[in-house]
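One structure, pasted below without further comment.
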Amino acid sequence: MKKSSVVFALCVLAIVPMVLLTVSIRENKAEQQAMNAVPPIKPGETRSSEWGKYYPRQYDTYMQTKKSDEITDVLKHDPALIVMWAGYPFSKDYNKPRGHYYALEDNINTLRTGAPVDNKTGPLPTACWTCKSPDVPRLIKRDGEMEFFTGKWAKYGDEVVNTIGCGDCHDSTTMKLTLTRDYLKRGLDAEGSLKTADITHQDMRSLVCAQCHAEYYFKKTEWEDKGEKKTAMVVTYPWNKGMSAENMEEYYDSYGFSDWTHPLSKTPMLKAQHPDYETFVTGVHSRNGLSCADCHMPYVQEGGVKFTSHKVGSPLDNIANTCLNCHQGTEKEFRATVERKLARKEELAKMATDILAKAHLEAAKAWSLGATEEEMKPVLQDIRHGQWRWDYAVAGHGAFFHAPEETLRVLAGAINKGQDARVKLRVVLAKHNAADFVAPDFSTKEKAQALVGMDFAKLVEEKKTFLNTLKQEWFKKSEAKGLYDPASRKDMVLKTSYN
Ligand code: HEC
Ligand code: HEC
Ligand code: HEC
Ligand code: HEC
């Protein structure tokens with residue numbers, strides 16, 4: 001080949017990729033612009049695959065929350081919890097969280113939601129759907145908030161059928177982040193340090209999560225529907241006095257609220273529900289202005305397009321795009337740091353559960369020997385406050401990392417209150433000639449279930465009947481109504497702690 005031909009060939013070889021690159025940049029620009037434009041998605045659309053037609057990258061990453069599918073049975077890991085939650089649904093079934101893809105499925109399958117036989121049977125209220133689906137804001141809009149929070153869980157079985165999706169965090173007519181749950185706005189205004197009127201865009205990148213990842217209770221609310229008296233169980237954030245464990249405890253104590261009465265110790269109990277947002281704001285990352293999305297939904301670059309990863313999961317799956325955006329160090333070091341924080345929390349949490357479970361059993365013994373209300377009252381107050389603190393510290397699964405100091409401080413308080421109860425119990429037991437009473441063994445799931453008198457096999461059998469009958473009808477009916485998005489459950493496999 002002549003020299004000039006070689007030069008020509010080399011030039012062509014160099015130009016072709018450049019032309020291709022220019023075309024692709026132009027295409028990427030077009031895609032980036034399309035991503036910022038507002039597509040014709042129906043207002044209040046609850047089917048995420050409909051949104052996915054316009055935003056394939058966000059949709060694809062969102063669907064990858066499916067990969068976090070492991071069931072970890074927490075009750076098996078720590079059977080003391082069965083004793084601590086006796087008489088409350090959590091004692092039946094409690095797993096670690098999985099991906100958002102499974103949120104609705106897990107709510108339906110857990111033994112906690114029981115085995116309704118029709119749309120009127122319980123045991124739980126409609127409020128249990130609240131943080132599982134974009135169908136919830138749709139129903140609140142359609143039926144009104146009071147009607148939504150009235151009745152049993154099964155009432156909306158054929159209406160709440162799409163798992164957490166685009167409509168939970170975005171307004172389809174503007175694509176802006178939006179708050180779809182009014183109880184959060186009421187909570188913020190009652191607490192007062194961040195009024196809803198002052199919310200910034202960076203705040204929104206955490207607040208969309210705080211719609212679900214926060215402590216709540218069901219506030220019994222009487223209301224009138226065209227002359228008929230009804231009672232709603234309204235999801236409410238107990239933030240009026242502040243967000244710390246002590247602030248919320250004071251709020252609950254101020255009007256004698258309890259979630260249930262413990263059948264063994266007879267304690268009026270409080271149940272904490274994942275105060276992720278409340279603990280997060282006490283930590284160093286929040287104080288430096290970070291939002292949940294900064295770590296759980298990092299920006300990623302794909303073929304020249306920069307977008308938000310919607311694979312909400314462990315930031316440790318993507319250390320390069322999360323921690324290493326701000327920190328120096330290796331992936332290995334970051335993993336080790338997080339593990340060390342977890343191990344410290346586990347150590348104190350284990351002490352607390354052992355102490356609190358024993359306190360319940362020792363209190364039961366004291367009652368059986370004829371202890372009086374007066375003798376037991378201070379004991380029960382300590383158990384209530386101790387277990388509340390433990391639950392507040394551990395129910396938010398990420399708190400050990402988000403706010404390690406606060407988590408360990410609250411756990412120390414739980415251990416202290418639990419031991420206070422047990423010191424007082426020793427005196428009561430001694431008075432009733434049982435100074436050397438030793439609480440029975442609760443070291444396995446089966447032993448703990450026997451101690452609290454749970455017929456586990458029956459619970460499972462009833463649940464399985466429900467799964468094979470009413471659950472199936474719900475999806476068929478909702479599909480006929482055009483509400484249900486089959487893509488949202490594609491390849492769903494039944495995974496539970498009991499099957
Ligand atoms: C509509 C309610 C809702 C919203 C909004 C929500 N979550 Fe969740 N989240 C849940 C529920 C429910 C689960 C548990 C799902 C399960 O275990 O089936 C969960 C699970 C998780 C998990 C565990 C995932 C895993 O793979 O283990 C993380 C992390 C998480 N959420 C973070 C966030 C962040 C960050 C935001 C905001 C960007 C957010 N969530 C918004 C309800 C919500
Ligand atoms: C748990 C809340 C949550 C859910 C569910 C959610 N998003 Fe987002 N989305 C966010 C956050 C946070 C951002 C970052 C917004 C920002 O900082 O401007 C975002 C950003 C976006 C953007 C802007 C471009 C980008 O990538 O930053 C688009 C488009 C988008 N989401 C589409 C979707 C679609 C489509 C779905 C459903 C498949 C969805 N989102 C589900 C929270 C959510
Ligand atoms: C500085 C980074 C960072 C920020 C900001 C952050 N998280 Fe996390 N989060 C983590 C890490 C790290 C873990 C532990 C992950 C693990 O153990 O795999 C975690 C764990 C979690 C978990 C438990 C997941 C599980 O499967 O057990 C939830 C839920 C969660 N975070 C929600 C949130 C919410 C809600 C916010 C905002 C209020 C938030 N996170 C802010 C880094 C962060
Ligand atoms: C957007 C920036 C940013 C990201 C992302 C980020 N951090 Fe940080 N981190 C900070 C800042 C700022 C501080 C406070 C530094 C100080 O006060 O000296 C901090 C402090 C820390 C500390 C010391 C305080 C403590 O809690 O012990 C650790 C450990 C840490 N980060 C781990 C992580 C890990 C793990 C991740 C990823 C999951 C992460 N960070 C993600 C900005 C970030």
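Just so it is clear, none of the values below were taken in a lab; they were calculated from the coordinates. From a predicted model like this one, the values you see are computed outputs, not experimental measurements. No Cβ is skipped: glycine too gets one built from the backbone with ideal geometry, and neighbour counts run over all protein chains shown.
Find how many whole Å separate the alpha carbon centroid of the range 54-116 from the alpha carbon centroid of the range 481-499.
Spelled out, the Cα-based centre of one part sits 13 Å from the other.
Output the relative contact order of the chain, whole-number percent, from Cα pairs under 8 angstrom with separation of 6+ residues.
This gives 20 percent for the chain.
Relative to the longest principal axis of the C-alpha atoms of the chain, give the angle of the C-alpha long axis of helix 3-36, reported between 0 and 90° and rounded to the nearest 10°.
40
Distance between Cα centroids, the range 410-441 to the range 120-175: provide it in whole Å.
43
Once you sort the root eigenvalues of the Cα gyration tensor of the range 193-297 as a ≥ b ≥ c, which label holds: rounded (a/c under 1.5), prolate (a/b larger than b/c) or oblate (the other case)?
oblate
If you take the square roots of the eigenvalues of the alpha-carbon gyration tensor of the range 366-499 and sort them as a ≥ b ≥ c, do you get rounded (a/c under 1.5), prolate (a/b over b/c) or oblate?
Details: a/c = 3.15, a/b = 1.85, b/c = 1.70.
Since a/c reaches 1.5 and a/b is larger than b/c, the shape of the range 366-499 is classed as prolate.
What full-extension length gain, to one decimal in nm, is calculated for Glu473 and Gln32 as 0.36 nm per residue of separation minus the Cα-Cα distance?
Details: separation 441, 0.36 × 441 = 158.76 nm, distance 4.18 nm.
154.6 nm is the gain from fully extending Glu473 to Gln32.
OK, next. Kindly state, to the nearest 0.05, the FRET efficiency for Thr174 paired with Asp455, given R0 = 60 Å and r defined as their beta-carbon distance.
Rounded to the nearest 0.05, the efficiency is 0.70.
Listing Ile140, Ile319 from the residue with the fewest other Cβ atoms within 10 Å to the one with the most, what is the order?
By the 10 Å Cβ count, ascending: Ile140, Ile319.
Classify the range 263-304 as rounded, prolate or oblate from the Cα gyration tensor: take a ≥ b ≥ c as the square roots of its eigenvalues, call it rounded if a/c is under 1.5, otherwise prolate when a/b beats b/c and oblate if not.
Oblate is the answer for the range 263-304, as a/c is 1.5 or above yet b/c matches or exceeds a/b.
Given H placed 1.01 Å from N in the peptide plane, which residues other than close sequence neighbours of Val235 have an amide H under 5 Å from its amide H?
Hits under the 5 Å cutoff: Lys219.
Could you list the residues of the range 42-81 with an amide nitrogen less than 11 Å from a label point located 7 Å from the Cα of Ser443 in the Cα-to-C-beta direction?
Of the residues in the range 42-81, none has backbone N under 11 Å from the label point off Ser443.
So, one more: What distance in nm lies between label points placed 7 Å from Cα along the C-beta direction at Asn325 and Ala412?
3.3
Helix 331-368 against the longest principal axis of the chain: what's the angle in degrees, Cα atoms only, rounded to the nearest 10?
20
Further question: Given an 8 Å cut-off on Cα distances and at least 6 residues of separation, report the relative contact order of the range 249-376 as a percent. Provide the component values of the computation, followed by the final result.
Numbers: 68 pairs, mean separation 26.5, N = 128.
It comes to 21 percent, rounded to a whole number.
Quickly work out the Asn247-to-Asp436 label distance, labels modelled 7 Å from Cα along the C-beta direction, and quote it in nm with one decimal.
Computed distance between label sites Asp436 and Asn247 equals 5.0 nm.
Please work out how much length the chain gains when fully extended from Val423 to Asp60, using 0.36 nm per residue of separation minus the C-alpha to C-alpha distance, in nm with one decimal.
125.1 nm
In whole Å, largest first, what are the principal axis extents of the Cα atoms in the chain?
109, 58, 46
Oh, and also: Measure out, as a whole number of angstrom, how far apart the alpha-carbon centroids of the range 291-307 and the range 211-266 sit.
37
Ranked by Cβ crowding within 10 angstrom, fewest neighbours first, how are Arg287, Arg181, Arg422 ordered?
Arg287, Arg422, Arg181
Another question about this same structure. How about the range 210-293: which chymotrypsin sites (Phe, Trp or Tyr not before Pro) there lie in a loop by DSSP and see at most 11 other Cβ atoms within 10 Å?
Tyr255
Continuing with this model, one more query. Report the label-to-label distance for Lys226 and Asp182 in nanometres (one decimal), using points 7 Å from each Cα along the Cα→Cβ vector.
2.0
Using only the alpha-carbon atoms, how far is helix 373-395 inclined from the longest principal axis of the chain? Give it as 0 to 90 degrees, nearest 10.
On a 0 to 90 degree scale, this one is about 10.
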